[in-house]
Amino acid sequence: MGRSVHMPELPRIAQHTPHARQPAAAAEHRLSLTVEAGRTAQDMALLSQVAMTALTGAGASNALAQQAADAARIAAHYVIGHTSAPRICLAVDANATTVTMTVSDYSPEPAWGPSAWLPVTSDNALFLDGVQPGVDPLTVAARGEGLQLHRTCDGHVRLGTHTPWEAAGTRRS
């Protein structure tokens with residue numbers, strides 16, 4: 001017979017601290033933005049363009065900005081196809097060493113912290129091995145390149161990338 005578990009609220013990342021092995025310069029932010037949009041094709045194109053424009057403005061190479069824009073467009077299509085949320089949310093966070101881009105159906109209220117995202121296995125189950133409380137699995141040891149799928153315990157969906165800033169070469173004028 002199973003046990004009942006009482007959760008007065010959903011798990012959240014209360015305070016995120018930079019990974020211990022990151023250099024001090026990694027804490028320096030170049031860009032941090034969140035944009036919400038609807039579910040139309042125009043909204044998906046808007047999120048893609050926002051990702052590209054923001055990263056280009058922050059000094060990313062054209063290739064890295066294009067890669068983020070393509071990832072945002074693909075992620076927006078996926079999230080819209082796998083959720084009924086009325087809005088989707090693009091988040092781009094760039095520091096001195098990495099660029100993290102996510103699209104999700106989750107938009108936190110300012111009083112709430114980031115949601116507790118869990119990796120999803122190929123058979124669509126939550127992957128719990130090695131998940132550390134308070135650590136976003138997207139930003140720690142890479143589980144693979146490209147878009148990574150995560151879900152929360154209450155069913156929110158997030159697709160995102162975590163790319164080294166230098167991954168696409170230097171900026172072209």
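The values are calculated or read from the model by the stated rules, or taken from the named source; none is laboratory data. Remember, it's a predicted structure, so these values are computed and weren't measured experimentally. When we count neighbours, we look across all protein chains shown, and the Cβ atoms used for this are built from the backbone with ideal geometry, even at glycine. In case anyone asks, the SASA skips ligands and DNA or RNA and just uses the protein heavy atoms, side chains included. Shrake-Rupley method; radii C 1.70, N 1.55, O 1.52, S 1.80 Å.
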Restricting to segment 51-70, what's the tally of residues that are open to solvent by less than 40 Å² (accessible area, probe 1.4 Å) and within 26 Å of Ala85 (Cα to Cα)?
4
List every residue pair whose Cβ atoms sit under 7 Å apart, with the two residues 6 or more apart in sequence or on different chains, where the first one lies in segment 150-162 and is assigned to a strand (DSSP E or B) and the second, anywhere, is surrounded by 19 or more Cβ atoms within 10 Å (Cβ to Cβ) and among the charged types (D, E, K, R).
His150/Arg158; Val157/Asp105; Val157/Arg151
On the given criteria, is Arg3 farther than 21 Å from Gly155 by Cβ, surrounded by 14 or more Cβ atoms within 10 Å (Cβ to Cβ) and at pLDDT below 85?
no
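A quick yes/no check of all residues on (1) at pLDDT 80 or above; (2) of a type outside the set (Gly, Ala, Ser):
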site	(1), (2)
Ile80	yes, yes
Cys89	yes, yes
Asn95	yes, yes
Ser104	yes, no
Glu109	no, yes
Gly113	no, no
Asn124	no, yes
Exactly one condition in (1) under 22 Å from Asp154 (Cα atoms); (2) touching a Ser or Thr at 6+ places or on another chain (Cβ under 7 Å); (3) not in a helix (DSSP H, G or I) is false for Ala85; which is it?
(2)
